[in-house]
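Trainee: I am attaching a structure below and will ask some questions about it afterwards.
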Amino acid sequence: MKPILEIQNISKKFHIGGDRGGYKTLRDSLFSKGTKKEDKGEFWALQDVSFDVFPGDTIGIIGKNGAGKSTLLKILSRITPPTKGKIICRGRIASLLEVGTGFHGELSGRENIYLNGSILGLKKAEINKKFDEIVDFSGVEKFLDTPLKHYSSGMQLRLAFAVAAHLEPEILIIDEVLAVGDAEFQKKCLGKMEAISKGEGRTILFVSHNLNAVESLCSKAILLKSGNLESPLLPTTQVIKKYLYVDENQQNVFWSNDRKEYSNEIFDLIDISLVDYKDNPIKFVCNNNEDFWFRVSFILKNNDPLFYFGYAMYTESGQLLYWSQSKDTKESSWSKLCLGENVLYSKIPQRLLNEGNYRIELIASIHFKKWLISPSTGPFLNFQIQGGLSDSPYFVAKRKGFLAPIYNWHENII
């Protein structure tokens, strides 16, 4: 099978400042005052990017702002040409890049549907067959004969997506523009993209910072970084892990007191770790729909009743989220320690933390007497929460705030 898209060594260069050559508008001529803008050099938005896309593939394109994602989609949509390289396309492309792209503000919603269909090479009879579906999906029937310039950005987006998805292009290209829509419409769009990819076998290229949406929709992905292909076309989960990669020196879910740094009159610390329900170390990147435990192993030398362990949970920016201590509960539930080797576990419940990187730091004290391991001086572990925030179709992305707990809502007090 031949690829439906072949991207071969694509590069794109822009000039920073300076005269770009080509035509000038009347305004440019009137206000330029005969001076030339200073050329501040070149900027390569893309450099030597290559990959193949096959019919029915759903490809995610991820990367930070400025990585070159939108530039790549504009080249694929033939809005701007590459500086180097070439693209071989074996199908019709429909693009949804920016609100209003491909639409004419003076034309009505109805006229714009036919305009976009004709751009895709469809005959009027073919557009008529899909017309009612487009209008129903977009939800703009009441304003169908209103000029598009009077539509809100959300209405324009709904109509643009409906046209792009229903006029059956072989390749559908979607940029981060879906972020403009409300949560219900985003859910509707993602459902439609999944249907046309898996059900109809059409090809989708999808750019989004919503990694949960990319992971659920796309079977494969690429990672762009500063215009370069940081990761080739691989399974989406692998590419997301590379995107979220933290330096190996910081990926510690286990720490051992090999140097005997933390020994005192009460205990000798053996190790700390993050483990699953089988007492096995968790992976650095963990899903938010699973419980895991903070584990402390130590040798108790003096069973002082005022002694306790605890931990402090921090965000990657150093913001303290909370403390937890082994004697926070009623006295009858405290762990019964004995002299010699002991292990304590503290559960970190699923769907409490938001997506992101976290540091968990051991503390220990003799209550109101002295610190044995004071805050910010003890050993610590790092981990990352990614995905599994909720089962709700409305809660698919990281929310604002440090925590993302799931609480039930009921019509009665329970």
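Trainee: Mind ranking 275-282, 294-301 by how tightly packed they are, going by the mean number of other C-beta atoms within 10 angstrom, highest first?
Mentor: Packing proxy ranking, top to bottom: 294-301, 275-282.
Trainee: Quick check on my link table: of Lys12/Lys192; Lys188/Lys242; Lys86/Lys123; Lys12/Lys188; Lys2/Lys84; Lys198/Lys241, which ones sit more than 27 Å apart, alpha carbon to alpha carbon?
Mentor: Lys12/Lys192; Lys188/Lys242; Lys86/Lys123; Lys12/Lys188
Trainee: Run through the DSSP bridge list for the chain and note the antiparallel percent, rounded to the nearest 5.
Mentor: The answer is about 80 percent antiparallel.
Trainee: Within segment 250-385, how many Lys pairs sit with Cα atoms under 25 Å apart, leaving out pairs fewer than 8 places apart on the same chain?
Mentor: For segment 250-385, the number of qualifying lysine pairs is 23.
Trainee: Which aspartates and glutamates have a Cα less than 16 Å from the Cα of Lys225, not counting those fewer than 8 places away in the same chain?
Mentor: Excluding near neighbours in sequence, the set is Asp48.
Trainee: Rounded if a/c is under 1.5, else prolate if a/b beats b/c, else oblate: with a ≥ b ≥ c from the C-alpha gyration tensor eigenvalues square-rooted, which is segment 250-385?
Mentor: prolate
Trainee: Also: Taking R0 as 56 Å, what's the FRET efficiency between Lys347 and Ile79 from their Cβ-Cβ distance, rounded to 0.05?
Mentor: That pair, Lys347 with Ile79, gives E of 0.60.
Trainee: Report, in deg cm²/dmol and to the nearest 500, the calculated mean residue ellipticity at 222 nm for the chain, where each DSSP H run with n ≥ 4 adds -39500 (n - 2.57) and the sum is divided by the residue count.
Mentor: The helix contribution divided over the chain gives -6000 deg cm²/dmol.
Trainee: For the Cα atoms of the chain, what angle does the longest principal axis make with the long axis of helix 109-119, in degrees from 0 to 90, nearest 10?
Mentor: 80 degrees
Trainee: Additional query: Just to be sure I understand: with springs between alpha-carbon atoms less than 10 Å apart, which residue in Asn303, Asn228, Asn288 has the highest mean-square fluctuation in the Gaussian network model of the chain?
Mentor: Its mean-square fluctuation being the largest, the pick is Asn303.
Trainee: So if I restrict to the alpha-carbon atoms in segment 357-414, what is the Rg, and what is Dmax, the biggest pairwise distance, in Å?
Mentor: Radius of gyration, then largest Cα-Cα span, for segment 357-414: 18.1, 50 Å.
Trainee: Provide the FRET efficiency to the nearest 0.05 for the Glu290-Lys242 pair, computing r from the beta carbons and using R0 = 25 Å.
Mentor: Working from the Cβ atoms, E equals 0.70.
Trainee: State whether segment 120-176 is rounded, prolate or oblate according to the following rule on the C-alpha gyration tensor (a ≥ b ≥ c being the square roots of its eigenvalues): a/c under 1.5 gives rounded; otherwise a/b larger than b/c gives prolate, and the remaining case gives oblate.
Mentor: Cα axes put segment 120-176 in the oblate bin.
Each reported figure results from applying straightforward, stated rules to the coordinates on display, with no laboratory input. Keep in mind the model is a prediction, meaning the values are calculated, not measured. Cβ coordinates were reconstructed from backbone atoms using ideal geometry, including for glycine residues, and neighbour counts include every protein chain displayed.
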